[in-house]
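One structure is given here, and the rest of the page talks about it.
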Amino acid sequence: MSDPVKIALVGATGMIGRAIVQACIGREDVRLIAIARREMKLPAGAKMELFVADPDHWEEVIEAVQPQVMINALGTTRKKSGGDDDAFRAVDQKLVLATARAAHKQGVERFISVSSVGAHILAKTFYLQVKGEVERDLAKVHFRRLDILRPGLLRGARPDDLRLVERLGIVAAPLGNLMLQGSYRKYRAIEAATVADAALALALTKPGGRFAHDHDAILRAAASLPQLEQELTA
């Protein structure tokens with residue numbers, strides 16, 4: 001049996017972060033270390049480490065734990081940031097990039113970041129512009145492997161922040177997905193747990209390169225996770 005892959009996770013308190021924590025329960029092929037700004041309640045059965053520190057000291061934590069892979073699931077919303085563009089950028093852009101650069105400096109070779117479908121520096125919405133800028137700047141960090149996940153509307157439990165538009169979208173998602181065909185498939189809603197499985201599968205994938213994963217590619221990555229687990233635990 002191979003040694004477990006050491007994964008550092010930032011953004012563990014969000015929807016995808018929590019799904020990643022849940023997905024790691026009972027796994028012998030990964031060792032999960034969460035780095036957070038505040039304490040969080042761990043689900044039953046979770047065997048992981050949680051380091052609580054001010055973001056200014058995250059590099060020190062990364063240096064101490066020496067992960068092989070880092071997963072970024074950081075993210076806020078315009079609502080949570082009070083509609084303040086700078087406050088939004090502080091988390092979704094500045095903190096993400098600072099974490100990536102700190103990880104690279106400490107020898108982390110693989111970085112997985114959750115972005116959004118439609119992310120582009122020339123997007124019409126501020127949210128997607130910022131996501132596009134982050135994707136562009138992550139590429140400049142020069143990780144040996146960089147994976148960008150671009151999910152559509154996330155389905156899953158979000159008890160602390162479920163906006164009306166999202167609630168309606170989640171309810172309508174099964175029908176809406178059927179209508180999104182061809183080049184529009186990338187906009188399909190997707191389960192947060194599926195995105196989490198994809199992130200874990202990519203964390204266990206060793207070849208280098210730079211990759212962007214839309215809806216169908218996320219599904220393929222998630223579907224490959226059981227096989228990767230068998231190979232690493234054999």
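Bear in mind that the values in this text are calculations on the coordinates, not laboratory data. Remember, it's a predicted structure, so these values are computed and weren't measured experimentally. Cβ sites come from the backbone with ideal geometry, for glycine too, and all protein chains shown count toward neighbours.
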(request) Please find, in a Gaussian network model of the chain (springs between Cα atoms separated by less than 10 Å), the residue of Leu138, Leu42, Leu202 whose mean-square fluctuation is greatest. (result) Leu42
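Using the 10 angstrom Cβ neighbour count as an exposure proxy, how do Ser115, Ser183 rank, fewest first?
Lowest count first: Ser183, Ser115.
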(request) Pull out the extension gain between Thr77 and Ser2, defined as 0.36 nm times the separation in residues minus the alpha carbon to alpha carbon distance; nm, one decimal. (result) 23.1 nm
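Quick check: residue separation of Ile25 and His142 times 0.36 nm, minus the Cα distance between them. What number comes out in nm?
Numbers: separation 117, 0.36 × 117 = 42.12 nm, distance 3.10 nm.
Extra length available between Ile25 and His142 comes to 39.0 nm.
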(request) With Cα extents along the principal axes in Å in mind, check (i) 51, 38, 36; (ii) 45, 39, 36; (iii) 45, 43, 35 and report the label derived from this structure. (result) (ii)
(message) With 10 angstrom as the radius, rank Ser81, Ser2 by how many other C-beta atoms surround their C-beta, starting from the fewest.
(response) Ser2, Ser81
(message) Rounded, prolate or oblate for the stretch 1-99? Axes are the square roots of the Cα gyration tensor eigenvalues, ordered a ≥ b ≥ c, and the cut-off for rounded is a/c under 1.5.
(response) prolate
(request) Just subtract the alpha-carbon distance of Ala223 and Phe51 from 0.36 nm times their residue separation and send over the number in nm, one decimal. (result) 58.9 nm
(request) Starting from the Cα of Arg101, step 7 Å along the direction of its Cβ; do the same at Asp86; then give the gap between the two resulting points in nm. (result) 1.9
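Between Ala64 and Thr125, what's the calculated FRET efficiency when r is the beta-carbon distance and R0 is 35 Å? Round to 0.05. Each step should come with its number before you reach the end.
On the way: r = 38 Å, r/R0 = 1.10.
The formula returns an efficiency of 0.35 here.
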